[in-house]
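Student: Here it is: the structure, laid out below.
The values are calculated or read from the model by the stated rules, or taken from the named source; none is laboratory data. Computed from a prediction, not measured in an experiment: that's the story for all the values here. Cβ placement follows ideal geometry from the backbone for every residue including glycine, while neighbour counts extend to all protein chains displayed. Keep in mind that these areas ignore ligands, DNA and RNA; they rest on the heavy atoms of the full protein, side chains included. Shrake-Rupley method; radii C 1.70, N 1.55, O 1.52, S 1.80 Å.
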Amino acid sequence: MTGPPPAAVRLVEADEVSPLRSQALYHGLALAMTESSPDTIVLCRPAGPYFCVGFHQSPREELDLDWCRRQGYPVIQRAIGGGTVFLDARQLFYQCVFHRRQAPLAVAAIYRQFLTPAVQTLRALGLPACLEGVNEIEVNGRRIAGTGGGQLGEAVLVVGNLLFDFAPEVMGRAWRLPSGAFRRLAEEGLRLHLATLAAMLDRPPSEAEIRRRLVAEYEAGLGRPLVPGVLTLEEEAAVESEERRLARLDEAGAVARPRDSRLKVTHRVWVHEWHWPVSGGEARVTARLADGRVEAIEMAGGALSPQEAERRVLEALGR
């Protein structure tokens, strides 16, 4: 005898949506989830560029909000974790909204279950993708997707994107950073340590092909069919409510980073800055570390040799 077939996962193909709706979709689906709601995967792409800040971050501390406004970039703060990201139409989003009982208990296992299909999609395109650092998808040590996750209402959420292309100069300029040196090292870090489909493939696949492969990999990975569906009236109302809420950005927070500033570029790459008293004044040392080693360093102010600066950097970081 065979048991009942596995329950289907609803697939919502939202195509191109507004920046607000691209975030409100998974928020609203999670908050509207009831015992009878289907587990859902949303595929969508934002119609325009914007910045998205993690739940535990301060928008004003993370970003130069005045610059973002002048350039016309909306800033949205989501209700799940992760870092500050720049999102635009050159990225395809996948958003997994599942009942808590359908997800593993351990955080690492949750990410593995819902991100492995994206990894397998990239591998099917010929890229040696892998899941690193709990929730970072990499190709040859370079991050090729942004991800985030958490719990909202009765739902477990894992969201991510695939980068067709990316503008590091926009992200580099938007960050609130303490110095020009810090900005240079951060933006250069993005160029060196992010990967995109456009850069990695001679002939990047179409969005339609990526969507088809993602659906197939999620069906294989979850062992459940994905069936096209639409939002209920209750879910649509919850999504619209979340659009209104997300449009009201809470700008509270520090006006500048502390003097021992640090910034995560990827889980492997960080930029730090220190001000140290030295003979003849004060030295400012800015360093980018990759896998625990000093990859680049800039100095200003008081006299300090490169060797001494690197020694102090490693000592300050306990290495």
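Student: Kindly indicate whether residue 256 is modelled with pLDDT under 95 and exposed (fewer than 15 other Cβ atoms within 10 Å of the Cβ).
Tutor: yes
Student: If you check residue 188 against the conditions, is it of a type in the set (D, E, K, R), closer than 30 Å to residue 301 by Cβ and surrounded by fewer than 20 Cβ atoms within 10 Å (Cβ to Cβ)?
Tutor: The answer is yes for residue 188.
Student: Still on this structure: Could you give me the residue pairs with C-beta distances under 7 Å whose first residue belongs to the range 11-22 and is in contact (Cβ under 8 Å) with a residue 40 or more places away in the chain and open to solvent by 30 Å² or more (accessible area, probe 1.4 Å), whose second residue is assigned to a strand (DSSP E or B) and basic (Lys, Arg) wherever it lies, and which are 6+ apart or on separate chains?
Tutor: Sorted first by the residue in the range 11-22, then by its partner, the pairs are 16/45.
Student: Could you list all residues from the range 268-307 that are surrounded by 13 or more Cβ atoms within 10 Å (Cβ to Cβ), of a type in the set (Gly, Ala, Ser) and within 27 Å of residue 142 (Cα to Cα)?
Tutor: 287, 290, 296
Conditions (1) hydroxyl-bearing (Ser, Thr, Tyr); (2) in contact (Cβ under 8 Å) with a residue 40 or more places away in the chain; (3) in a strand (DSSP E or B), marked per residue:
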position	(1), (2), (3)
127	no, yes, no
137	no, no, yes
149	no, yes, yes
157	no, yes, yes
162	no, yes, yes
181	no, yes, no
188	no, yes, no
191	no, no, no
199	no, no, no
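Student: Could you identify the single residue in 237, 300, 283, 287 that is part of a strand (DSSP E or B), over 22 Å from residue 66 (Cα atoms), aliphatic (A, V, I, L, M) and modelled with pLDDT of 95 or more? I'd like the intermediate steps shown before the answer.
Tutor: Details: 237 fails: part of a strand (DSSP E or B); 300 fails: modelled with pLDDT of 95 or more; 283 fails: modelled with pLDDT of 95 or more.
Checking each option against the conditions leaves just 287.
Student: Only one of these is aliphatic (A, V, I, L, M), at pLDDT 95 or above, out of contact with any helix residue (DSSP H, G or I) (no Cβ under 9 Å at 6 or more places or on another chain) and more than 18 Å from residue 176 (Cβ to Cβ): 25, 115. Name it.
Tutor: Every option except 115 fails the conditions.
Student: Name the single residue that is farthest from residue 45 (Cα to Cα) among those in the range 61-117 being among the aromatic types (Phe, Trp, Tyr) and more than 18 Å from the chain's Cα centre (by Cα).
Tutor: 67
Student: Same structure, new question: Name the pairs whose Cβ atoms lie under 8 Å apart, with the first residue in the range 88-106 and under 11 Å from residue 162 (Cα atoms) and open to solvent by 10 Å² or more (accessible area, probe 1.4 Å), the second acidic (Asp, Glu) and not in a strand (DSSP E or B), and 6 or more positions between them or separate chains?
Tutor: 90/165
Student: Could you count how many residues in the range 108-122 are free of Cβ contacts under 8 Å to residues at least 60 places away in the same chain and buried (at least 16 other Cβ atoms within 10 Å of the Cβ)? Full working, then the answer.
Tutor: Of the residues in the range 108-122, the ones free of Cβ contacts under 8 Å to residues at least 60 places away in the same chain are 108-112, 114-115, 119, 122.
In the following step, the residues that additionally are buried (at least 16 other Cβ atoms within 10 Å of the Cβ) were identified as 110-112, 114-115, 119, 122.
Count: 7.
The rows are residues; the columns are (1) open to solvent by less than 70 Å² (accessible area, probe 1.4 Å); (2) in contact with a Gly (Cβ under 9 Å, 6 or more places away or on another chain); (3) without any contact (Cβ under 8 Å) to a residue 40 or more places away in the chain.
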{"site": "234", "(1), (2), (3)": "no, no, no"}
{"site": "240", "(1), (2), (3)": "no, yes, no"}
{"site": "264", "(1), (2), (3)": "no, yes, no"}
{"site": "309", "(1), (2), (3)": "yes, no, yes"}
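Student: Can you tell me which residue is most open to solvent (accessible area, probe 1.4 Å) among those in the range 199-232 that are farther than 14 Å from residue 40 by Cα and basic (Lys, Arg)?
Tutor: 203
Student: Could you go through the range 270-277 and let me know if any residue there is among the aromatic types (Phe, Trp, Tyr) and under 23 Å from the mean Cα position of the chain (by Cα).
Tutor: Yes, because at least one residue in the range 270-277 is among the aromatic types (Phe, Trp, Tyr) and under 23 Å from the mean Cα position of the chain (by Cα).
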